[in-house]
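Below is one structure, written out as C-alpha cells; comments come after it.
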Amino acid sequence: MTVLNVAILGFGTVGEGVYKTIESHQEELTAILGKKVKVVAVLVRNKQKARKISDKILVTSDFNEIIQLPKLDIVMEAIVGSEPSFTCLKKAIQKGCHVITANKQMFAHHGKELMKLAEENAVSVGFEATVAGGIPIIQTLRHLLKVNQVQSVQGILNGTSNFILTEMRENKESFADALTLAQQKGFAEADPTNDIEGIDAFYKLMILSKIAFGKEPDWKSVEIQGISDISYEKIQEAEKCGLRFKHIASISKKGDEIFGSIKPVLIEKFHPFYNIEGVENAVNVQSDIVGSITLQGPGAGMFPTASAMIEDLVYVSQYKAELQQQSLAKTV
Ligand SMILES: NC(=O)c1ccc[n+]([C@@H]2O[C@H](COP(=O)([O-])OP(=O)(O)OC[C@H]3O[C@@H](n4cnc5c(N)ncnc54)[C@H](OP(=O)(O)O)[C@@H]3O)[C@@H](O)[C@H]2O)c1
C-alpha cells in the first residue's frame, strides 16, 4: 500500500492532538485516502523534553533535517508565532509538499504569500484550524460561495474572552477573578493580551474576510476593542434589561468596501449568539440566497483543533489526486 508521509511541526496541545488522531484514526484515513498516513518527523524547540512519540520517528529541533527527508508529502504546522513557521512552510511548499497550519498569527500575516507560492508549486494550503478551532467554517464558506454572495460574517472567535464574560455574569465575578480562573483552567495564557484585547479575534477575522470577500479591509481601519473595560457592574446593568455582552468580530461588504470591527456588543435574546457560553465559539454568515446560518462548537482544544487539521489533510490529499488526474488527462 502506498504511504502518505507527514511531518508535524510543533508538539504542544495541537501538534500532539494531530499525532494522536492520526494514530487512532489510521483505519478510517486509510479507507478514505487509499493510503496509509505515516508520521515521519516532528519538529520541537526542546529535543530533551520527554514525549510519547514512537522511536521510529525523527524528532528534531532543526527543520533542515526534515526538509531533507527524501519522501515527504505533507507538513502540518502548529507552532506559536510567525517565525520560524512561515520560513518552514515556504521551504516545504518549494519542495512540493502540501502544508496545513493552525497558526492564525502567521497565516493572517503571510497567508497570501503562502497561497501564491503554493499555486506556483501546484500544492495546497490547509488552514481550517486557524479560525474557530473545530468549527468547519472555512469549508462551509467555500461551499456557500459556490452559489451565494456573502454579505456579512460575525463571530465569537475567542473562547477565552467568551469564558471570562460568561463567568462574570453567571458567578458574579470581577474581570480580574474571571481572568485568573481562565488561566487556572488553561484557557488563557500567562500573558493574555492577545485574547482579551481582541488581537487573536482580529487575525481570525482577517482570514475569514479573505475567504468571504476575496480581500481584507485596510488593517488600520478595523476597530479593535477588547473586554478588559467590561466591569461586573456593567454586566449586571445589562442583565436587568435582558441584554448580554458578547465579544463580537464582524466583517461586512458595502459596495466595494470591507468594514471590520472587533468589540463587546450588547445583544438581545433573539440574537444567535445570546446562548453561546463559556469557551464555545460561533460564526454567523448572512448571504443572499440561503439567508442566515450559524455554526457553533469548540473553538480550541487538542482534539477539536486536530479534527480541523485532519479534515485538511484529507482535503489536500484528495486535491493532489485530482491534480494528478488532470495532468494525466492532458497527456492522453
Ligand atoms: N491550543 C489551541 O486550542 C489552538 C487552537 C487553534 C489554533 N491554535 C494555534 O496552533 C498553534 C499551536 O498552539 P498550541 O496551543 O499547540 O501551542 P503550544 O502548546 O505552546 O505548543 C507549541 C509547540 O511548538 C513548538 N515550538 C515553539 N517554538 C518553536 C520553534 N522555534 N521551533 C520549533 N518548535 C517550536 C514547541 O516546542 P517545545 O514542546 O519543545 O516547547 C511546542 O511543541 C498556535 O499557532 C495557536 O495559535 C491553537
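The values are calculated or read from the model by the stated rules, or taken from the named source; none is laboratory data. What you see is a predicted model; the values in this text were computed from it and never measured. Because the Cβ atoms are built from the backbone with ideal geometry, glycine has one as well, and the counts that use them run over all protein chains shown. Surface accessibility is based on the protein's heavy atoms, side chains included, excluding ligands, DNA and RNA. Shrake-Rupley method; radii C 1.70, N 1.55, O 1.52, S 1.80 Å.
Remarks
- Residue match in segment 83-103 (condition: among the aromatic types (Phe, Trp, Tyr) and buried (at least 23 other Cβ atoms within 10 Å of the Cβ)): no
- No other residue among 120, 113 is away from the ligand (no atom under 16 Å from the Cβ), touching a Lys or Arg at 6+ places or on another chain (Cβ under 9 Å) and of a type in the set (Asp, Glu) apart from 113.
- Segments classed as strands (runs of 3 or more DSSP E), wholly inside segment 20-125, with at least 1 members that are touching a residue at least 60 places away in the same chain (Cβ under 8 Å): 36-43, 74-77, 98-101
- Segment 212-236, residues that are over 30 Å from residue 149 (Cβ atoms) and open to solvent by 90 Å² or more (accessible area, probe 1.4 Å): 229, 233, 234
- No other residue among 140, 130 is within 14 Å of the ligand (Cβ to nearest atom) and on the phi < 0 side of the Ramachandran plot apart from 130.
- Condition check for residue 158: touching a helix residue (DSSP H, G or I) at 6+ places or on another chain (Cβ under 6 Å) and surrounded by 19 or more Cβ atoms within 10 Å (Cβ to Cβ): yes
One line per residue, one yes/no per condition, for (1) within 11 Å of the ligand (Cβ to nearest atom); (2) at pLDDT 95 or above; (3) open to solvent by less than 70 Å² (accessible area, probe 1.4 Å); (4) more than 23 Å from the chain's Cα centre (by Cα):
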position	(1), (2), (3), (4)
9	yes, yes, yes, no
17	yes, yes, yes, no
23	no, yes, no, no
48	yes, no, no, yes
74	no, yes, yes, no
79	yes, yes, yes, no
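- Yes/no for residue 284 being open to solvent by 70 Å² or more (accessible area, probe 1.4 Å) and more than 16 Å from the ligand (Cβ to nearest atom): no
- Residue check, residue 13 touching a helix residue (DSSP H, G or I) at 6+ places or on another chain (Cβ under 6 Å) and open to solvent by 50 Å² or more (accessible area, probe 1.4 Å): yes
- Number of the condition not met by residue 186 [criteria: (1) closer than 26 Å to residue 107 by Cβ; (2) open to solvent by less than 20 Å² (accessible area, probe 1.4 Å); (3) of a type outside the set (S, T, N, Q)]: (2)
- Some residue of segment 237-254 being part of a loop (DSSP other than H, G, I, E, B), surrounded by 18 or more Cβ atoms within 10 Å (Cβ to Cβ), in contact with a Ser or Thr (Cβ under 8 Å, 6 or more places away or on another chain) and outside the structural domain of residue 15 (by TED's automatic domain parsing): no
- Failed condition for residue 266, given (1) at pLDDT below 95; (2) within 19 Å of residue 172 (Cα to Cα): (1)
- Matching residues, segment 206-234, being of a type in the set (Gly, Ala, Ser), under 19 Å from the mean Cα position of the chain (by Cα) and not in a helix (DSSP H, G or I): 214
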